[in-house]
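Let me begin by presenting the structure, written as C-alpha cells, before commenting on it.
The values are calculated or read from the model by the stated rules, or taken from the named source; none is laboratory data. Given the structure is predicted, the values throughout are model-derived calculations rather than measurements. Positions of Cβ are backbone-derived with ideal geometry, glycine not excepted, and every protein chain shown enters the neighbour counts.
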Amino acid sequence: MSSEYVDSTGEEEAGESTALALKILVAGGFGVGKTTLVGAVSEIRPLRTEELLSEAGEAVDDTGGVDQKTTTTVAMDFGRITIRSGLSLYLFGTPGQDRFWFLWDELSQGALGAVVLADTRRLEDCFPAVDYFEHRRIPFVVAVNCFPGARTYAEDDVSRALDLDRGTPVVLCDARDRASGKEVLIRMVEYAGRMHTARLLDSVGQAAGSA
C-alpha cells in the first residue's frame, strides 16, 4: 500500500520502534478544530504553523461563527499517535482557507485517508474537503465536532446534508478530548483499510477476467 512506510525517526524517545506508520490528513473548514484535534491526540509536541489573523486577511477569510479565533494555520499541523504496538499514525492538519489550497496536493501524497472535521453551524464549509477527497478516491470519515451550544444532529442527517457517498462514516466527536479524537482515527483507519482491500480485490478480479 503506497500510504504505508517504515518510521525510523524519533522512536528513541518512546523507547520502542514502530514497525508501521500511516499518514492521515485532518481537513475541514476554517476554525473547525483541526489544530485542536491534532494537538489533543498527539503524543509528541505538535508542530504548528499558526499566524495571527491580519487586517489584510479580513477581505478573504470568513470568520463568521468563529469571531473569537485570532490565529490561522498557514501551512500544516503535524502530530503523531500510537494506535497500538507496531502501528502509529502521522497526522497532517491542512490549512482551512481557500488561498492555501495549493498545499493540499502535496500533503495528500501517500495518505492512507483523511478525517474531515465539520461544524454543524457552518456545515457548508466542509463541502470543498468532501469534494476533494471524493474526486481523488481518498477514503475519509466526517467527524462532527460538537461545539458547546451548537445544535446536535444525528449522523444520518449530516450524511444526507453533505450528500456523502454511501457507506462514508459520520461520527460525533469532541476535538478537545484525546479519547474522542482517538476513536475518530481508529474509525478512519478501519474504514480506509476496508476500502483499500476492496479496491485491491476488484483490481485482481479485473486482471483475472482479462487474462
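Going through region 154-183 one residue at a time, which ones are aliphatic (A, V, I, L, M) and closer than 17 Å to A129 by Cα? Give the steps one after another, and end with the answer.
Here is the first cut: in region 154-183, the ones aliphatic (A, V, I, L, M) are 154, 158, 161-162, 164, 170-172, 175, 179.
Within region 154-183, V158, A161, L162, L164, V170, V171 qualify.
Would you call D174 of a type in the set (D, E) and in contact with a strand residue (DSSP E or B) (Cβ under 8 Å, 6 or more places away or on another chain)? Considered against the rule, which asks whether it is of a type in the set (D, E) and in contact with a strand residue (DSSP E or B) (Cβ under 8 Å, 6 or more places away or on another chain), D174 comes out as yes.
Scanning region 140-183 for residues that are basic (K, R) and touching a residue at least 24 places away in the same chain (Cβ under 8 Å) yields R151, R176, R178, K182.
Take the residues in region 27-46 that are among the hydrophobic types (A, V, I, L, M, F, W, C) and farther than 16 Å from W104 by Cα, then tell me which one is surrounded by the fewest Cβ atoms within 10 Å (Cβ to Cβ). Can you show your working first?
Applying the first criterion (among the hydrophobic types (A, V, I, L, M, F, W, C)) to region 27-46 yields 27, 30, 32, 37-38, 40-41, 44.
Next, only the ones that are farther than 16 Å from W104 by Cα stay: 32, 37-38, 40-41, 44.
Details: V32: 28, L37: 30, V38: 27, A40: 21, V41: 24, I44: 12.
Out of the qualifying residues, it is I44.
Cβ separations smaller than 8 Å between residues 6+ apart or across chains give the following pairs from region 118-138 residues that are among the acidic types (D, E) to residues that are in a helix (DSSP H, G or I): D119/D125; D119/C126. Counting only residues that are at pLDDT 55 or above, give me the strands (runs of 3 or more DSSP E) lying completely in region 1-93 with at least 1 of them. In region 1-93, 20-28, 77-84, 87-93 are the strands (runs of 3 or more DSSP E) which contain 1 or more residues that are at pLDDT 55 or above.
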